[in-house]
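Just so it is clear, none of the values below were taken in a lab; they were calculated from the coordinates. Because the structure is predicted, anything quoted here is derived from the model rather than measured. Cβ coordinates were reconstructed from backbone atoms using ideal geometry, including for glycine residues, and neighbour counts include every protein chain displayed.
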Amino acid sequence: MIPKYRKQFNQEFSDEKYKQLKEILAQKSGMQPAFRISESPIFLTKEFEGKLLDASESILSQIKALPAELLQKAVPDNCRVPNDTDQPHFFTIDFGVCKNENGEIEPQLIELQAFPSLYAFQKAYEDTFCEVYPFLSDIRNTMPHETFKQHLKEVIVGDENPEHVILLEIFPEKQKTAIDFALTEKLLGIKTVCLTKIKKEGKRLFYENKGKQIEIKRIYNRVIFDELDRIPDLVTEFDFREEVEVKWITHPNWFFKISKFLLPLLQHQFVPKSYFLHEFPESENLEDFVLKPLFSFAGGGVNLNPTKEITDAIKDKENYILQRKVNYEPIFEDINGDFAKAEIRLLYVWKENDDHPILLENLGRMTKAAMVNVDFNKKDAIWIGSSNAFFAEG
């Protein structure tokens with residue numbers, strides 16, 4: 001798509017520039033990314049961007065109209081955290097770049113979450129693409145860097161001293177997203193702290209910095225709560241389910257409330273039909289659907305070719321959905337004349353007193369594999385991995 005920019009990028013591309021792209025990201029963050037960085041940005045038309053935004057607006061309106069008690073049903077009892085909020089601080093929504101039966105390129109909803117993504121990294125990544133390929137600056141995100149920083153700071157730090165705000169993760173140095181943590185620290189002046197290092201006194205939480213105990217007043221939460229049970233012999237002083245005097249950014253319950261749980265409830269031409277597994281009608285053909293656990297992360301547990309034997313063997317069918325398959329279209333041409341497929345994630349922040357979230361950035365994923373996830377790519381391919389989308393007139 002957008003032949004002009006694709007042609008120019010492919011002509012300017014070199015292995016040296018790809019190496020330079022990764023080196024600049026490493027310099028900005030102080031570390032190498034633990035996931036594959038795509039050689040190429042994703043070029044999409046303004047018309048396609050309009051379709052993305054139209055679908056997102058419709059989906060947001062539908063979610064806001066849902067009763068709070070319905071959303072509460074999505075939260076497992078063993079994962080419920082006290083002091084829930086009226087709305088989340090983050091909203092991210094993933095669309096595949098697909099082709100419809102009329103041969104038109106259009107977005108199709110893949111999933112959505114009220115959970116933070118790689119906000120700081122994607123801004124640095126977009127900036128770096130523009131540094132290495134200056135012509136991209138003509139079609140970059142129009143939001144100034146300071147405005148981006150201010151929006152993110154207002155949501156995560158608020159009016160608090162950054163010393164009392166932490167990015168919380170479990171074993172953060174082992175996470176593939178550690179580069180985003182490092183860039184967030186530099187951008188906002190907050191510390192990344194492992195859950196195992198949190199100290200608790202009554203209802204107050206503390207972390208240690210340079211030998212001092214610092215009280216935690218706001219938690220930028222990056223822990224997938226339900227994954228904690230899968231970590232053997234995990235010892236912590238603080239349990240999420242306890243009442244504590246902190247502000248969650250965003251509250252952990254929203255991870256469950258805005259999730260695949262909502263997919264069967266949403267309607268739009270860019271939303272594939274979905275069913276809870278226990279409600280899958282006999283009139284539908286199982287071969288036309290993908291099986292997904294409700295609360296998996298990074299593509300875990302997804303089955304592209306479910307069979308009746310597989311679905312019959314699942315005991316907790318209410319915790320799975322079947323989503324109609326979509327056709328990711330390989331339209332992103334590499335320097336060898338091969339084509340990659342892609343997925344776009346829109347990254348919103350939602351300020352507490354605002355009726356509507358603000359779109360800050362996007363995250364792209366490119367692949368030549370069956371699943372659009374960086375973990376499923378072949379190691380020797382190009383034009384695959386994490387990317388960033390640029391939109392221009394086609």
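When only Cα pairs under 8 Å and 6 or more residues apart are kept, what is the percent relative contact order across the chain?
Value for the chain: 26 percent.
Using only alpha carbon pairs under 8 Å that are at least six residues apart, calculate the relative contact order of the stretch 273-325 and give it in whole percent.
56
Over 30 Å between C-alpha atoms is what I'm after, so list which of Lys28/Lys260; Lys260/Lys368; Lys186/Lys273; Lys191/Lys292 land there.
Distance filter (> 30 Å) returns Lys28/Lys260; Lys186/Lys273; Lys191/Lys292.
What order do you get for 30-43, 268-281, 116-129 when each peptide is scored by the mean count of other beta carbon atoms within 10 Å, highest first?
116-129, 30-43, 268-281
As a footprinting exposure proxy, order Cys98, Cys194 by other Cβ within 10 Å, with the fewest listed first.
Neighbour counts put them in this order, fewest first: Cys194, Cys98.
Tell me the mean residue ellipticity at 222 nm calculated for the chain from its helices only (DSSP H runs of n ≥ 4, each -39500 (n - 2.57), averaged over every residue, nearest 500).
Mean residue ellipticity at 222 nm (helix-derived): -7500 deg cm²/dmol.
Using the Cα centre as the reference, give the magnitude of the dipole from point charges on the C-beta atoms of the chain (Lys, Arg: +1; Asp, Glu: -1; all else neutral), rounded to the nearest 20 debye.
The calculated dipole for the chain is roughly 760 debye.
Taking every DSSP beta bridge with both residues inside the chain, roughly what % is antiparallel (nearest 5)?
Bridges in the chain are about 75 percent antiparallel.
Give, rounded to the nearest 20 debye, the magnitude of the charge dipole that the stretch 273-325 has about its Cα centre when Lys and Arg contribute +1 at Cβ and Asp and Glu contribute -1 at Cβ.
Dipole about the Cα centre, nearest 20: 220 debye.
With the dipole of the chain worked out from charges on the C-beta (+1 for Lys and Arg, -1 for Asp and Glu) around the Cα centre, which of Val271, Tyr18, Leu71 lies farthest toward the positive end?
Tyr18
Could you put Asp54, Asp239 in order, starting from the residue whose Cβ has the fewest other Cβ atoms within 10 Å?
Least to most surrounded, the residues fall as Asp239, Asp54.
Using the Kyte-Doolittle scale, find the helices of the chain whose mean hydropathy is at least -0.5 and whose Cα atoms extend 18 Å or more along the helix's long axis, counting only whole DSSP H runs.
Within the chain the helices that satisfy the rule are 46-64, 119-132.
In whole percent, what relative contact order does the stretch 224-318 give with Cα contacts below 8 Å and a gap of six or more residues?
RCO, the stretch 224-318: 21 percent.
Exposure proxy check: Ser29, Ser386 ranked by fewest other beta carbons within 10 Å?
Arranged by neighbour count, lowest to highest, Ser29, Ser386 become Ser386, Ser29.
Compute the separation of the alpha-carbon centres of the stretch 165-201 and the stretch 88-117 and state it in Å as a whole number.
28
Of the DSSP beta bridges with both residues in the stretch 85-239, give the percent that are antiparallel, rounding to the nearest 5.
Rounded to the nearest five, the antiparallel share is 65 percent.
Among Leu304, Leu286, Leu66, whose mean-square fluctuation peaks in a Gaussian network model of the chain (Cα, cutoff 10 Å)?
Leu66
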